[in-house]
Structure formats: structure tokens, C-alpha cells
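Chemist: Input: one structure, supplied below.
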Amino acid sequence: MSSVNTLKRIIGKLGPLLALVLLIIILTIATDGKFISASNIINIFRQTPIIALMGVGMLCVILLGGIDLSAGSMLAISICVSGCVLKNLGISSMFVLLPVCILTGIAAGTVNGLLLTKLHLPHPFIATLGTKNIYRGLALLITGAAAISGFSAGVTWIGTARVGSPQFNIPVSFIMTILLYAITHIFLTRTGLGRKIYSFGGNKEAARLAGINTDRVQIFCYAASGFFCAMAGIVYVGRLNSAVPLASLEGDLDAIAACIIGGASFLGGKGNVWGTLIGAIMIAVIRNGCDLMGVSSDLQQIVIGAVIVLAVFVDVLRSKAEAKAKRLAIGKTQDA
Amino acid sequence: MIACTPEMNVLGVHAHPRNPGKAVQKLGDVIMELRNVTKYFPGVVALKNMSFQVRSGEVHGLIGENGAGKSTLIKVFTGVNQPEKGEIIIDGRPMVLSNPNMAKKVGIGCIYQELNIVPDMSITDNLFINQYEKKGILLDYKSMRKKAADIMKQLGQDHDVDMLCGKLGIGVQQMVEIGKSILSEARLIIMDEPTSSLSAKEVDQLMETIKILKKKGIAIVFISHKLQEIFDICDRVTVIRDGEHISCTQVSEMTNDRLIRDMVGRALKDLFPKEETVRGEEAIRVENLKSAGVIKDVSFAAYTGEVLGFAGLVGAGRTEVMRAIFGADPFDSGSIFIRGEKMKAGRPRDAIKRKIAFMTEDRKGEGLVLDASIKNNLFLATIDKDCKYGFIQQKKYERLGAENIKTYDIKTPSLQTPVGSLSGGNQQKVVIAKWVNTDADIYIFDEPTRGIDVGAKIEIYQVINKLCREGKCVIMISSELPEILGMSDRVIVMREGRIMGETERGDRNFNSESIMKAAWGGKLS
């Protein structure tokens, strides 16, 4: 009985991972093994970081029970501001441009948090819908709606460099992503602030009455989202060697999808970084697999949409089963 | 303790449960009855062998303390809750009311305290909210308007039925609710504290309407906390206490004092393990606290080593005072002194810094993160204290958590268990432990034992005793008088945002009758 339960629990926890493995097996068969080739796996490693980085930032916000629709725009404004520093001030040092990019992202995220907590806008959907447009507009405005290119090798290094042999190498951006995930995981699970994020997402009022500075927690999370968007932006600049004001138009939706596929709850308080990473890889895998099979991009969208719905449906089933188990457990303690 | 003897219901044969509106009945027949109904909720027996009957054309008062089981009784009648034991008898036949629609079909309507009115819809739309009249596929507004006007007129209301309900006063909105019941041909209308949010004029209007309904042969169950209203409008009154039927009497034979005695009269027995304590220094003093609409000039002081009870009806402003002190809600004016030092109006975290702990009445909504583990809930209020360089000290958590579980006898498989899967009593113990972990000096407990079983209650009283022994100051809001009397050293009675009086253990007024009187607007004497 209990071993069955443990098994169920493990399957429940590893659900997204199992789905990913299943997907990989299917794609491998469908592409006659092309999918699992070394060069293609490297491709997937290359395609994952941008979604994954934006996803983990989004996770911080979703854990609060919030949402950040401005993620794609924050990516754009971060890279465009450093692009402008390059173009207008002629500074090309990575020690200036990278910090400028990151600080811009953090600032943009902080503004989201301030709008929410200090202006008491009713829902982050509204605040970030507003800034989504504002940041995008600003990015277009300061760049004159044109891409800025000519970044130095130092700046593009993160997005382009690889480690390993010519046959099999891993993109630096992917390694950086994993590192940032590990740090975020430790942050969320081991630090007081991380604990406060989960508590706030689980019950805002209980958190406030327990003396938690809820405003600060929220502002931090939105700023974190901005930070991760800027990091994704750095990878983006490396890839294209240019700062494009229309970059990542749908990045926020991909990021949200990664979190949801990874099992984060929209109500807040539930979710973890590894689920989000798997969600991000899953999106990359689907895109990649579809490309390999020559599936058109419109069909790709349909597949990704279906996966999101399916993932959430499985989650609903799971939480229903959990709720039932909870009721049974209460019954037991009362009988005791 | 004897229920009034019902006349034999011989007319049940004539009744047509499927066609309630047309049942053949004489005025004064028993139309609906609960017989020996028992209803359990997790950890509590809400109704115990409860019997209750309603005759057509009568206004039947239902009265009892907060938590006596009135709401559950309503819910059984309206098909929201199904009893575990006992029968619901309608027109002489046992029926199962498995959902609210069924109750509506047999002619039971209910006006809840919280009105179900859509403010942005007209009177007509609200009246016909779930039973439109159609002509072909379109709504037949002509007929609906006419009927709406007719119903409102019957209720003594003269309003344009196209008016948006949001623009009407609460009293008129309530009439619309009553109109809905009439429209669904209700023969029994339950009114749950219908006057609690009405002005004096609106109350008069409601009383007139009740008389009109009565003349139509509709039975009314009238629940109120205002005794005078019971005497004014009701024919019979049933007293319920601890989910049990206590008495059912003709109002003409009832006295004020007996009603109160019936409501509260229970032996304290050994339910309350109160210990003698020594009053120490002043811990907190509140002066002229005001907050528009809810707190009207409240001043009091509480001392270390004592339990200060706050008695009163639900909505008397006790919770609001405590929330203001704790910084959970803002207040307009007044001063709060902690250990003689004036505290600026602040936020909860400022209050916690000043060693105040506040256990809210709504443990699920405000006290716990239900999906989080017991461990994380135990240390919710002390995250900053428990961190070293920003990192949580897991080992400290494990150790203190295990101690907490032992100290408070929290029944759980492990520290990792989500707190939402515990029973109410154990959840409450987690909340208490959370606050004691903050090492506070002043503890405010708002309804600390609501909805939990007797065993857990006593354990919580033991914690209160222990805090007093350690020289802490305990303020306890409770709507259960026996608890107030059983555990407090001093009692403050509040009503409508004001302090009505204060009495001390050993005083002549330290009894339920006096406190109840004050809570209902009398003098504490």
C-alpha cells in the first residue's frame, strides 16, 4: 500500500520529466534517430537557454501568484539600451555593456513591482500589460526601430562560445543557464527570501500577518524576472550579434508555457525550477523535432498549444487525486 | 427541554410534494419538519438529534449563540448540507433534499445575510435570474416586468422594476430577494439575521412585509440576535444550543430572561482548566481608538499574567479593534501604548517586533499556508530570525519543529506534511505554535477554539494557562460565553464598535446573563 503510494508520488513528481523522455523517444523514432544525433542535441542545447532563462524569471513571479507579460519587452529594452550605449557613446567594452543590459532589465522589472505594490494596481496582468507596451515602444524609440549590430566578441561570447570537442560541445549559454537554475533552486528552497516567496504565493494574507514585508518580496520577484530577461537578452545578442527592438515578441508566452508545463500553479505557491527547465526544454524539443520532420510552423504552434493544455489537464487530475488523499488523511487523524 | 407537542399531522395525505404550491392546507398545519437530525462536520457535531417544525402562516423565531448550529440547520433545510441521521419531513412525507434546487422545488426559500443580488441588473432581471420567461427563443420582458411589478407591489414596494438593484437600499434589495422566493412559490422563507444590516426604518418595512407574507400563509423562520425583534414579530421561538433543541415556546409565554437562560445555560463542568494567576504590569493600553464605521472610541488596558476576554456578538467590532492594534488594518485616531511606550500606527511586522502576536479568527484564510508543510508554517513568522546569512537553518527547523510537535501535541505523520491535511484542531495548534515561536509577550487570540473538537479546545486552554504562568498577556476574543467565563480573568463586552462595560472574575456581573444582556445592548449591571 505505502510502496504503491511512494511510487505514485515519485511518478507525480517526475511527471514532466517522464513526459519529456516519452516525447524524445517518439521524436527519435519518427525521425529515424536523427533527433538523438550529437549535432541535434547540441542544437537543442542552443535553443533552450533563452526560453529557459525567461522561464525561471517568470517562475519567480508565478510563484507569487502573479504573471509578467512584459518579459519579452524587457528582453528587448535591455539589449537595446546597451545597443544604444554602443552606438551613441561608442563604448564597446563588455564590462560596460553587459552590466548596462542587466541593470536595465532589473530596473524594468523593479518598475513592474513598484507599479503593483506602490500604485496598488489590482493585478499584475494589468501592470505588466501596460509596461509590455511601454518597454517595447521605448526599445523601438531609442533604436529608431532599427537593429544595432557590431558588438564586440566579449559581449557575444556567452551567446556563441562552446566548450568541448568539435564533435560534441556544449554551448556556454546552456551551462550558464544550468548554473543559474541551480543558484535559483538553492535560493528558492534554502533562503529566507525564497521561503517568503512561496509563503506569499500560498497565502498572501497569512504572509502579511506573519510580518513578512510582502511589498519587498513582490518587488524582488519582478526585478528577478527583469534580470533573467536581460540574461536571456545577452544570449540573444550573442546569437544574432545585434540588438533587435522587436526581439522576443512572444517570449513571455513561451516563458509562461514553460512554467505551466513544468507544473507551476497559476494560483501561486507551487512550482520548482527543474519543472520549468523541463518545460523549456520540452518547448525547444517540440520546435526542433517539428523542424526535423519538416512540420510547418503553424502546426508547431498547434502542437505546443496542445501540450500546454494537456500538461495543465494532467496537473488538474493530479491535484484532484491529492485533494482526495488529503480528505482521507483528515478522516484518519480524526478517527485516531 | 421539552419540544412543544405538534398537533398530529393528518393532512399529509393531501399534500402533493411535487406540486407544492397547490397543496391543500389549512393555516397552522405543520408543513415542514426536521426530526432527530444529526449532522457532523470534521471534528464537530453541528446538529445533535435536532427537531424543528414549521407551520404554515407562522413566524417562527430561531435563536441561539454564535456557533449553536443555526446556520447548519438552515443549510439542511435548503439542501446545502445533508444530515447524517434523521428525517426531513415535508407535508408529512420524508424527503431527501440532496441539493438546493430540490429544496426550492418543495417550496423552501432562504434570504441569506449576504444578499445574492447582482447590482448591475434591474429588479426584473434579478427576480427572474434563473427562471426566465420566454416567448419563442427570446425573453418575454413584457410579462416578466408585469409580474415583477406585481410582486414588488405585493411586498409593499413601489419601485420602477427597470431600476438597477445596485441603486436600491439594502432594505429594498432584501425585498427583491424575498420576491425571488415568492416567485418560486416558496411556502417557507428562512431569513438569516435579516435585520443585521438594515436601518430602523427598513426594519419596520421588513416587519410589515413579514406580516403580508404571513397573511398569504407563508411560513417564516426568523433568525435574529435582537431579542426585541423576536418578541415583536414571532409567534413561536425555538432555542438551539450546541446543535441541540432546547425549547420551543409560544412567544406570548416567553420572557426575556428565560430566553437568555435557555441560550447560554450550560454547566461549565471541567471544560475550562482555568488557573489562578497574578496580574502583573500593564502590557498594552489603548486610548480612544476610532475607525469610521467599525470602532467608536475604544479604550482599555491589558496586563501581564491575565486573560482579558472580549465578549460580544459577531460583528461587535472586537476583531476590528485587534486588527487595528496589530496593524493589520489602518485606524483613524487613537493611541496604543505597549509597555507604556506609544506605538506608531504600523504594519503587522512592526507589531511583531514589539512582541505582539495575533491569531486571527480565520485560520485557513489568514493563519496558514495550507499547501506548505507544517514545518514551514511553524516558522512563517520567524523567517528572518531563523536565517543565517539569508539561508534557512534547516537543522534548527527540524529540531524546533520536532519540539513544537511534542509540546503542542500536533498529530501528524511528519513535519513535511502539508498543514492543509491536518484536522482543524491540529491546524490551530500549528498557528498557536507559530506565534509562540515569535517569543511574543502579548498574545491576541481571536476565536481560538472555533470549529474544533473539545479535546483540542482543552489543549489550547492549557497553552493559554501556560502563557499566563510565564507572565504573558493574553487577550481572547470569543463569541462563546462559556469560554469567556471559563478562561478570562476580566471581561470587556463590546457592541456595535463600543465597549459596553467591564467585569472581573468574582464580580456580581461575571455571569452569562449579565454579559449577554450587555452584548445585546443592555447595561452591564
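Chemist: Under 19 Å Cα-Cα from B:LYS146, which lysines qualify once same-chain neighbours fewer than 8 residues away are excluded?
Modeler: Filter leaves B:LYS134, B:LYS135, B:LYS180.
Chemist: If the limit is 21 Å between Cα atoms, which of B:LYS105/B:LYS167; A:LYS270/B:LYS388; B:LYS296/B:LYS523; B:LYS48/B:LYS85; A:LYS324/B:LYS48 go over it?
Modeler: Numbers: B:LYS105/B:LYS167 31 Å; A:LYS270/B:LYS388 25 Å; B:LYS296/B:LYS523 17 Å; B:LYS48/B:LYS85 9 Å; A:LYS324/B:LYS48 27 Å.
The answer is B:LYS105/B:LYS167; A:LYS270/B:LYS388; A:LYS324/B:LYS48.
Chemist: If you take the square roots of the eigenvalues of the alpha-carbon gyration tensor of the stretch A:199-249 and sort them as a ≥ b ≥ c, do you get rounded (a/c under 1.5), prolate (a/b over b/c) or oblate?
Modeler: Working: a/c = 4.78, a/b = 4.16, b/c = 1.15.
Since a/c reaches 1.5 and a/b is larger than b/c, the shape of the stretch A:199-249 is classed as prolate.
Chemist: Using the Kyte-Doolittle scale, find the helices of chain A whose mean hydropathy is at least -1.0 and whose Cα atoms extend 24 Å or more along the helix's long axis, counting only whole DSSP H runs. Present the calculation step by step, with values, prior to reporting the outcome.
Modeler: Working: long enough: A:2-30 (38 Å, 1.66); A:38-63 (35 Å, 1.56); A:71-89 (27 Å, 1.51); A:94-117 (34 Å, 1.95); A:124-143 (28 Å, 0.87); A:172-190 (26 Å, 1.63); A:214-240 (39 Å, 0.99); A:273-292 (28 Å, 1.39); A:297-335 (57 Å, 0.51).
Qualifying helices, which must be both long enough and hydrophobic enough, are A:2-30, A:38-63, A:71-89, A:94-117, A:124-143, A:172-190, A:214-240, A:273-292, A:297-335.
Chemist: What number comes out for the charge environment of B:ARG399, summing +1 per Lys or Arg and -1 per Asp or Glu over other residues with Cβ under 15 Å away? Display every interim value, and only then the final one.
Modeler: Working: positive: B:LYS375, B:LYS385, B:LYS388, B:LYS395, B:LYS396, B:LYS406; negative: B:ASP386, B:GLU398, B:GLU403.
Around B:ARG399, the charge tally is +3.
Chemist: Can you give the net charge of the other residues whose Cβ lies under 15 Å from the Cβ of B:GLY497, counting K and R as +1 and D and E as -1?
Modeler: On the way: positive: B:LYS290, B:LYS296, B:ARG318, B:ARG323, B:ARG495, B:ARG498; negative: B:ASP297, B:GLU320, B:ASP329, B:ASP332, B:GLU496.
Here the charged neighbours net out to +1.
Chemist: Whose amide H sits under 5 Å from the amide H of B:ARG490, counting only residues 5 or more places off or on another chain, with H placed in the peptide plane?
Modeler: B:VAL307, B:GLY309, B:ARG505
Chemist: Any chance you could get the radius of gyration and Dmax over the Cα atoms of chain B, in Å?
Modeler: 25.6, 79
Chemist: In addition: Would you list the membrane-span-like helices of chain B, meaning whole DSSP H runs whose alpha-carbon atoms span at least 20 Å along their axis and whose mean Kyte-Doolittle value is at least -0.5? Write down the numbers at each step before the final one.
Modeler: Numbers: long enough: B:200-215 (23 Å, -0.36); B:454-469 (22 Å, 0.34).
What comes out of the filter, once short or polar helices are dropped, is B:200-215, B:454-469.
Chemist: Expressed in nm², what is the orientationally averaged projection area of the convex hull enclosing the Cα positions of the protein assembly as shown?
Modeler: Details: hull surface 176.0 nm².
The number I arrive at for the protein assembly as shown is 44.0 nm².
Chemist: Rank A:ILE29, A:ILE170, A:ILE41 by mean-square fluctuation in a GNM of chain A with C-alpha springs under 10 angstrom and give only the top-ranked residue.
Modeler: So, out of A:ILE29, A:ILE170, A:ILE41, the one fluctuating most is A:ILE29.
Chemist: Express the accessible area of chain B per residue in Å², computed with a 1.4 Å probe while the remaining protein chains stay in the model. Please list the in-between numbers first.
Modeler: Numbers: 23060 Å² over 525 residues.
Each residue of chain B exposes 44 Å² on average to a 1.4 Å probe.
Chemist: Still on this model: Counting only residues 5 or more places away or on other chains, whose amide H sits under 5 Å from the amide H of B:LEU47 once H atoms are built in the peptide plane?
Modeler: B:LYS39
Chemist: Out of A:GLY90, A:GLY154, A:GLY271, any idea which swings most in a Gaussian network model of chain A, alpha carbons joined below 10 Å?
Modeler: So, out of A:GLY90, A:GLY154, A:GLY271, the one fluctuating most is A:GLY90.
Chemist: What nm distance separates the two modelled labels at B:LEU164 and B:SER414, each placed 7 Å from Cα along Cα→Cβ?
Modeler: If labels sit at B:LEU164 and B:SER414, their model points lie 5.5 nm apart.
Chemist: Heads up, I need the accessible area for B:ASP350: 1.4 angstrom probe, whole protein in place, Å², nearest 10.
Modeler: Counting only protein heavy atoms, the figure is 40 Å².
Chemist: List the residues of the stretch A:179-194 that lose 50 Å² or more of accessible area once all protein chains are present, compared with their chain alone (1.4 Å probe, heavy atoms only, no ligands or nucleic acids).
Modeler: By number: A:ARG190.
Chemist: For every helix of n ≥ 4 consecutive DSSP H residues, a contribution of -39,500 (n - 2.57) applies; sum these over the protein assembly as shown, divide by its total residues, and give [θ] at 222 nm rounded to the nearest 500 deg cm²/dmol.
Modeler: Working: 30 runs with 420 residues, N = 861.
Dividing the helical sum by the residues of the protein assembly as shown leaves -15500 deg cm²/dmol.
Chemist: Follow-up question, since we're still on this one. Per residue, how big is the convex hull of the stretch B:324-472 when only Cα atoms are used? Give it in Å³. All intermediate terms of the calculation are to be shown ahead of the outcome.
Modeler: Working: hull volume 18.4 nm³, N = 149.
Once divided by residue count, the hull of the stretch B:324-472 is 123 Å³.
Chemist: Summed for both chains, how many Å² of accessible area, to the nearest 100, are buried between B and A with a 1.4 Å probe? Could the numbers behind the result be given before it?
Modeler: Details: alone 24240 and 16290 Å², together 38100 Å².
So the total buried area for this chain pair works out to about 2400 Å².
Chemist: Using amide H atoms built 1.01 Å from N in the peptide plane, name the residues 5+ places from B:ARG241, or on other chains, whose amide H lies under 5 Å from its own.
Modeler: Excluding prolines and chain starts, which carry no amide H, the hits are B:ILE246.
Chemist: If you roll a 1.4 Å probe over chain B with all protein chains in place, what percent of the accessible area is carbon or sulfur?
Modeler: Working: 11670 of 23060 Å².
C and S atoms contribute 51 percent here.
Chemist: Note down the net charge around B:ALA357, summing +1 for each Lys or Arg and -1 for each Asp or Glu among other residues with Cβ under 12 Å from its Cβ.
Modeler: Details: positive: B:LYS353, B:ARG354, B:LYS355, B:LYS434, B:LYS472; negative: B:ASP439, B:ASP441, B:ASP446.
Here the count lands on +2.
Chemist: Sticking with this structure for a sec: What distance in nm lies between label points placed 7 Å from Cα along the C-beta direction at A:PHE168 and B:VAL278?
Modeler: Label at A:PHE168, label at B:VAL278, 7.8 nm between them.
Chemist: Let me ask another. Give me the accessible area per residue for chain A, probe 1.4 Å, as a whole number in Å². Display every interim value, and only then the final one.
Modeler: Numbers: 15040 Å² over 336 residues.
Counting only protein heavy atoms, the per-residue value for chain A is 45 Å².
Chemist: Hey, another quick one. Report, as a whole number in µm² per second, the diffusion coefficient that Stokes-Einstein gives for chain A at 10 °C and 1.306 mPa s using the Kirkwood radius over alpha carbon pairs.
Modeler: Details: Rh = 20.9 Å.
D = 76 µm²/s.
Chemist: How large is log10 I(q)/I(0) at q = 0.18, 0.22, 0.23, 0.29 Å⁻¹ when the Debye formula is applied to the Cα atoms of the stretch B:90-148, each weighted equally and without solvent?
Modeler: For the requested q values the scattering log ratios are -0.82, -0.98, -1.01, -1.18.
Chemist: Next up: Taking a quarter of the surface of the convex hull around the Cα atoms of the stretch B:117-186, what do you get in nm²?
Modeler: Details: hull surface 17.4 nm².
Its Cα hull, projected and averaged over all orientations, spans 4.4 nm².
Chemist: To continue, here is another question. Connecting C-alpha atoms closer than 10 Å in a GNM of chain A, tell me which of A:SER39, A:SER165, A:SER82 has the biggest fluctuation.
Modeler: Comparing A:SER39, A:SER165, A:SER82 in a Gaussian network model of chain A, the most mobile one is A:SER165.
Chemist: Sticking with this one: From the backbone phi of the stretch B:299-313, what are the Karplus-calculated ³J(HN,Hα) couplings (6.51 cos²θ - 1.76 cosθ + 1.60, θ = phi - 60°) in whole Hz, Gly and Pro given as x?
Modeler: Once θ is set to phi - 60°, the couplings for the stretch B:299-313 become 10, 6, 9, 10, 10, 5, x, 10, 9, 9, x, 10, 9, x, 7 Hz.
Chemist: Suppose the Debye formula is applied to equal point scatterers at every Cα of the stretch A:52-206; what is log10 I(q)/I(0) at q = 0.11, 0.13 Å⁻¹?
Modeler: So the normalised log intensities are -0.54, -0.74.
Chemist: Projecting each Cα onto the charge dipole of the stretch A:44-314 (Lys/Arg +1, Asp/Glu -1 at the beta carbon, about the Cα centre), which of A:SER78, A:GLY144, A:ILE212 comes out farthest on the positive side?
Modeler: So the residue furthest toward the plus end is A:ILE212.
Chemist: Given a 1.4 Å probe and heavy atoms of the protein chains only, how would you sort B:TYR303, A:TYR135, largest accessible area at the top? Could the numbers behind the result be given before it?
Modeler: Numbers: B:TYR303 55, A:TYR135 20 Å².
Solvent-accessible surface, decreasing: B:TYR303, A:TYR135.
Chemist: Name the residues of the stretch B:366-383 whose accessible area falls by at least 20 Å² when all protein chains are present instead of the chain alone, probe 1.4 Å?
Modeler: Checking the loss per residue gives B:GLU366, B:VAL369, B:ASP371, B:ASN376, B:LEU380, B:ILE383.
Chemist: Compute the length gained on full extension between B:SER335 and B:GLU502: take 0.36 nm times their separation in residues and subtract their Cα-Cα distance, giving the result in nm to one decimal. Provide the component values of the computation, followed by the final result.
Modeler: Numbers: separation 167, 0.36 × 167 = 60.12 nm, distance 2.00 nm.
Roughly 58.1 nm would be gained on extension.
The values are calculated or read from the model by the stated rules, or taken from the named source; none is laboratory data. Values in this document were obtained by computation on a predicted structure and should not be read as measured data. Ideal geometry is used to build each Cβ from the backbone, glycine not excepted, and the neighbour counts take in all protein chains shown. Side chains are part of the model used for accessible areas, which takes the heavy atoms of the whole protein and leaves out ligands, DNA and RNA. Shrake-Rupley method; radii C 1.70, N 1.55, O 1.52, S 1.80 Å.
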